[in-house]
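The values are calculated or read from the model by the stated rules, or taken from the named source; none is laboratory data. Quick caveat, the model's predicted, so the values are computed rather than measured. Cβ sites come from the backbone with ideal geometry, for glycine too, and all protein chains shown count toward neighbours.
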Amino acid sequence: MISLKGKDILHGNQFSKKDIDGIIKIASNFERELKKKDSLTLLKGKILATLFYEPSTRTRLSFEAAMQRLGGGVISMGSVESSSVAKGETLTDTVRTISQYADVIVIRHPRTGSAKEAADAVPIPVINAGDGTGQHPTQALLDIYTIHKELGSLKNLVVSMVGDLKNGRTVHALVELLSLYQARLYFVSPGALRMPEEIISNLKEKGIEIVETEDFMKAASESHLIYMTRIQKERFTDLSEYERVKGSYIVDGEFLKKLKKKITILHPLPRVDEITPEVDTYPGAAYFRQVRNGLFVRMALLSMIFGKR
Ligand code: NCD
């Protein structure tokens, strides 16, 4: 396994199968340890800084919780409006400043490539928590951890990815990891929200079998797993276009009845209307377990970055 000590986490393609095996093992150890104890002391004295230029609930709070459960401390820039970003400070100057106080930075920013830009500007590790429509590698790792737990294996998977495949950074990162396992992929989206051509051709070069379709029921009936995503309203320049495509694919009780088989349902959350609340009690609805898994996976990543695992 490649050591993550002192490394940045920027892109799904930086991980090998061996790395993922290691991360899964370490995360499940933390999952077990947290059943016995509320918190550990592994990262005592270390400080994590969160720097979020875009809204977040799960990603920021799970990183902060992970750091605190490991005995470390957390500082946060807070909202853009309340920081010097509002005065026009550049990203580079902001991260340079934060690197004087913290030992690791978790950043979310609307511009693709911004996390790499931040990482290049500072000597401490930077974790990409979402760079525009680019990547969200730690989400992909917690998704993989969840798939492994829910389905028992990562081999011979058939996965339907559904919704905004154009703008959704979680699917852009997750396909990188799934491609290591030769998963068969259905991309289900409205024509205007198709997976970017560059990602599709990269996957095809790796020998991944891909079917692009608008027929959700057919794709789901052939899949072990459906990965639902939110239509990313904030990425649309034309809101009438958003109105046209919103609600394109919805999982509700009726859909599951028609499907006539059990299926695992993941979603990075937040959801808008793509999964109705009645689905939450369905045994295959794994999205809140997925949220919990984010904590263990981020504990694993932080402990590895500091060379403690
Ligand atoms: C996602 C994101 O921010 O990319 N959320 C998350 O991190 N769990 C998905 C989304 O916003 O739709």
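Given the condition outside any helix (DSSP H, G or I), of a type in the set (S, T, N, Q) and over 24 Å from Gln232 (Cβ atoms), answer yes or no: does some residue in the range 95-118 qualify? Full working, then the answer.
Narrowing the range 95-118 to residues outside any helix (DSSP H, G or I): 99-113.
Now narrow it down to the ones that are of a type in the set (S, T, N, Q): 99-100, 112.
Pick out the ones that are also over 24 Å from Gln232 (Cβ atoms) and you get 99-100.
Looking through the range 95-118, at least one residue is outside any helix (DSSP H, G or I), of a type in the set (S, T, N, Q) and over 24 Å from Gln232 (Cβ atoms).
Inside the range 191-207, residues that are crowded, with 18+ Cβ neighbours inside 10 Å and part of a loop (DSSP other than H, G, I, E, B) make up a count of 1. If the condition is being touching a Leu at 6+ places or on another chain (Cβ under 6 Å), among the polar types (S, T, N, Q) and in contact (Cβ under 8 Å) with a residue 40 or more places away in the chain, then the range 153-189 contributes only Ser189. Residue count for the range 156-173, restricted to those that are at pLDDT 95 or above and more than 20 Å from Tyr249 (Cα to Cα): 2.
Regarding the range 136-147, can at least one residue be identified that is outside any helix (DSSP H, G or I) and either closer than 17 Å to Lys116 by Cα or within 16 Å of the ligand (Cβ to nearest atom) (or both)? Walk me through how you get there before you give the answer.
Narrowing the range 136-147 to residues outside any helix (DSSP H, G or I): 136.
Still in the running and either closer than 17 Å to Lys116 by Cα or within 16 Å of the ligand (Cβ to nearest atom) (or both): 136.
Yes: the range 136-147 contains one or more residues that are outside any helix (DSSP H, G or I) and either closer than 17 Å to Lys116 by Cα or within 16 Å of the ligand (Cβ to nearest atom) (or both).
Condition check ((1) within 27 Å of Ser179 (Cα to Cα); (2) in contact (Cβ under 8 Å) with a residue 40 or more places away in the chain; (3) surrounded by 24 or more Cβ atoms within 10 Å (Cβ to Cβ); (4) touching a Gly at 6+ places or on another chain (Cβ under 7 Å)) across all residues:
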residue: Arg96; (1), (2), (3), (4): no, no, no, no
residue: Asp103; (1), (2), (3), (4): no, yes, no, no
residue: Val122; (1), (2), (3), (4): no, no, no, no
residue: Ala140; (1), (2), (3), (4): yes, yes, yes, yes
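Only a single criterion out of (1) surrounded by fewer than 19 Cβ atoms within 10 Å (Cβ to Cβ); (2) of a type in the set (A, V, I, L, M, F, W, C); (3) within 16 Å of the ligand (Cβ to nearest atom); (4) more than 21 Å from Val291 (Cβ to Cβ) is not satisfied by Ala86, namely (3). The condition (being in contact (Cβ under 8 Å) with a residue 24 or more places away in the chain and either within 21 Å of Gly247 (Cα to Cα) or within 12 Å of the ligand (Cβ to nearest atom) (or both)) is satisfied by just one residue among Pro277, Pro268: Pro268.
When Thr92, Thr133 are checked against the criterion of being out of contact with any strand residue (DSSP E or B) (no Cβ under 7 Å at 6 or more places or on another chain) and more than 22 Å from Gly12 (Cβ to Cβ), a single residue qualifies: Thr92.
For the range 62-88, what are the residues that are in a loop (DSSP other than H, G, I, E, B) and at pLDDT below 95?
Residues of the range 62-88 in a loop (DSSP other than H, G, I, E, B): 70-72, 77-79, 83, 88.
Met77, Gly78, Ser79, Ser83, Gly88 - these are the residues of the range 62-88 that are in a loop (DSSP other than H, G, I, E, B) and at pLDDT below 95.
Gly113 meets all of the listed conditions (1) over 30 Å from Lys37 (Cα atoms); (2) surrounded by 14 or more Cβ atoms within 10 Å (Cβ to Cβ); (3) more than 16 Å from the ligand (Cβ to nearest atom) but one, namely (3).
Would you call Leu178 crowded, with 23+ Cβ neighbours inside 10 Å and more than 16 Å from the ligand (Cβ to nearest atom)?
Numbers: crowded, with 23+ Cβ neighbours inside 10 Å: yes; more than 16 Å from the ligand (Cβ to nearest atom): yes.
Criteria met by Leu178.
Just so you know, in the range 23-60 the residues that are out of contact with any helix residue (DSSP H, G or I) (no Cβ under 6 Å at 6 or more places or on another chain) and of a type in the set (Ser, Thr, Tyr) include one that is nearest to the ligand (Cβ to nearest atom), and it is Thr59.
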